[in-house]
Amino acid sequence: MLIYATDHFVLPLPPGHRFPMAKYARLRERVTAIAPGRMREPPAATDAELVRAHDPAYVTAVTSGTLDERAMRRIGFPWSPAMVARSRRSTGATIAACRSALEYGCGVNLAGGTHHAHRHFGEGFCVFNDAAVAARAMQAEGLAARVLVVDLDVHQGDGTAAIVGDDPTIHTLSIHGRNNFPFRKQSSRQDVELDDGTGDAAYLAALHAALPLALQASRPDLAIYLAGADPYVGDRLGRLALSKAGLASRDGYVLETLRSADVPVAIAMAGGYAENIDDVVDIHFATVRLALHGSARAGRARLSTCFPTTPSSSPTRARSPG
Ligand SMILES: [Zn+2]
């Protein structure tokens, strides 16, 4: 299992910007400490890869810095050559994580999950849609015919749903807050909408009902899992109320269910906006550690898929209530 980091490609942001750029370096430091031999720098996504999910004119406008002010405001980042480089690397990291998944059973992008990017525009801190680009890359290269996107970021994967449309070979499952951004939702193949304040038990019940259906309907060769940290109770943008233990149970269930079905999985981190950035890093780190333990435990007997430890045995560092 290989792990791709892109935090060296820093996105220049004005002081006070609410995008938590610092989480990526902290997460990479903690993951490197437990898995130094697995860390890799991904290649940048190419134009040919990007235009499988995006309008060529949009890719050109992003690259050349000719998006208008309104389009940039919608993305939420100021344009710079470094922003373009960062966005291409982050997308390339999910493509690379998919390659790792298909080879070793699992792969991780320590960024990514930019699911609000649509075919013709970016939105909500998302420039390119890494999951859609990566799914189409694997299909174009003949590495996977059918892909399942399991989007458990607290916000709907509207961009992915819109790009994929009615393509029967890419199944999108999104479990998200009903009252949260984006306020105009798209139709994923499977949407599960949760009320404000939903806690661990109700969330996990919804997930346990939805994921087996998604697997049954999609019969995927590959899954891309957006393991957002923003359903966390302490998230400023989340509106749900999951604990760190609940999020670890979520990850354990997803990885174990995919393993049981013999489906390789690429994991992207997606959102996380807790007041204390260490909470976000804790949650992402727990996801990666679970995937790593799975690979180690699988050993020679079963290298084909992730094999998580029992979710309840996965310790979380409780740094805040819940
Ligand atoms: Zn989110």
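Electrostatic bookkeeping for His116 treats Lys and Arg as +1 and Asp and Glu as -1; over the other residues with beta carbon under 10 Å from its beta carbon, the sum is -2. For the chain, the longest piece that avoids every one of the GluC sites (Glu not before Pro) found in DSSP loops with at most 13 other C-beta atoms within 10 Å covers 1-140. Let me make sure I get this right: for the range 175-214, a, b and c are the square roots of the gyration tensor eigenvalues over alpha carbons, sorted descending. Under 1.5 in a/c it's rounded, otherwise prolate if a/b > b/c, else oblate. Which is it? Here the range 175-214 falls in the oblate category.
Accessible surface for the range 222-294, divided over its residues, is 21 Å² per residue with a 1.4 Å probe. Roughly how many nanometres apart are two label points built 7 Å out from the Cα toward the Cβ at Thr63 and Asn179? Inter-label distance under the simple model: 4.4 nm. When peptides 58-68, 229-239, 83-93 are ranked by their average number of other Cβ atoms within 10 Å per residue, the highest-first order is 83-93, 229-239, 58-68.
Here the sum of -39500 (n - 2.57) over DSSP H runs of 4 or more residues, divided by the residues of the chain, equals -13000 deg cm²/dmol at 222 nm, to the nearest 500.
Taken about its Cα centre, the range 118-274 carries a charge dipole of about 80 debye when Lys and Arg each add +1 at the Cβ and Asp and Glu each add -1 at the Cβ.
The percentage of C-alpha pairs in the chain whose separation is greater than 35 Å is 10%. For the range 1-99, a simple Cβ point-charge model (Lys and Arg +1, Asp and Glu -1, everything else neutral) yields a dipole of about 400 debye relative to the Cα centre.
The values are calculated or read from the model by the stated rules, or taken from the named source; none is laboratory data. These numbers were taken from a predicted model, which means no experiment stands behind them. Cβ: placed from backbone, ideal geometry, glycine included. Neighbour counts: every protein chain shown. For the accessible areas, the whole protein counts, side chains as well, though only heavy atoms, and no ligand, DNA or RNA atoms are used. Shrake-Rupley method; radii C 1.70, N 1.55, O 1.52, S 1.80 Å.
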